[in-house]
Amino acid sequence: MSPHGRSGGSYQVVRIIRLATELWDKDSVDEQERITGRRRDGRWLDGAPVDEQPNYRADPRGSLTPLDSHVRLATPDRRNPAPLVRRGYSYDRGDGDTGLVFSCFQRDLADGFEAVQKRLEGESMAKYLLTTGGGYFFVPPPGDAWAEALTSVR
Ligand code: HEM
């Protein structure tokens with residue numbers, strides 16, 4: 001049982017993130033890869049294949065994978081990733097406003113999105129990003145026990 005009770009459910013976080021595409025496109029592929037921390041084809045910057053783990057401990061100064069790269073800040077400890085599931089949806093409003101709708105789900109906001117977002121404040125990608133909207137949403141589990149739990153008097 002979770003420390004938050006039996007009712008289950010999840011929290012969704014949505015962020016609408018505008019990307020400074022013109023600025024980003026001026027950078028070389030090599031620079032872009034040092035900002036995200038992965039090769040475009042998914043390989044890790046220390047040479048680890050797509051489906052394996054990078055070894056950050058062997059690279060403490062970040063000479064292979066920069067310390068302020070997106071993936072390294074998002075998951076500095078590969079044995080202990082933040083408990084969330086995520087995916088991004090790219091958007092293009094047709095008026096030059098393009099970017100990513102980031103969505104993730106987690107049981108605990110502090111351990112999930114908030115822990116990662118806090119670390120990402122110092123990322124080298126930050127200068128290309130502007131969060132223009134989003135929010136937190138509670139996603140109830142099936143059934144109505146969760147609603148009864150909210151209103152029951154103990
Ligand atoms: C426009 C904004 C963003 C872009 C372009 C972006 C891009 C990427 C890319 C290219 C990767 C590596 C490939 C992958 O694992 O999917 C990645 C991984 C990741 N991103 Fe983002 N991301 C953005 C926003 C965010 C936000 C807001 C969060 C959470 C607060 C986040 C959390 C993560 C995490 C946890 C990983 C996995 C790191 C790992 O496995 O080592 N990202 N992102």
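Bear in mind that the values in this text are calculations on the coordinates, not laboratory data. Note that the structure is a prediction, hence the values are computed from the model and not measured. All Cβ positions, glycine included, derive from the backbone under ideal geometry; neighbour counts span all protein chains shown.
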### Query
Would you pick out the residues in the stretch 47-58 that are assigned to a loop (DSSP other than H, G, I, E, B) and within 25 Å of LEU129 (Cβ to Cβ)?
VAL50, PRO54
### Condition met for GLY8 (within 23 Å of CYS104 (Cα to Cα), more than 13 Å from the ligand (Cβ to nearest atom), surrounded by 15 or more Cβ atoms within 10 Å (Cβ to Cβ) and not charged (D, E, K, R))
yes
#### Entry: Residues within the stretch 82-139 that are more than 8 Å from the ligand (Cβ to nearest atom), in contact with an Asp or Glu (Cβ under 7 Å, 6 or more places away or on another chain) and among the small types (Gly, Ala, Ser), tallied
2
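Take ASP97 and decide whether it is of a type in the set (Asp, Glu) and touching a residue at least 60 places away in the same chain (Cβ under 8 Å).
Judged against the criteria, ASP97 is a match.
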### Message
Being near the ligand (Cβ under 9 Å from one of its atoms), assigned to a loop (DSSP other than H, G, I, E, B) and either within 21 Å of TRP24 (Cβ to Cβ) or under 12 Å from the mean Cα position of the chain (by Cα) (or both) is true for just one of ARG40, ARG78. Which residue is that?
### Response
ARG40
### Query
LEU67 versus (1) within 11 Å of the ligand (Cβ to nearest atom); (2) under 23 Å from ARG40 (Cβ atoms); (3) in contact with a Lys or Arg (Cβ under 8 Å, 6 or more places away or on another chain): which is the lone unmet condition?
(1)
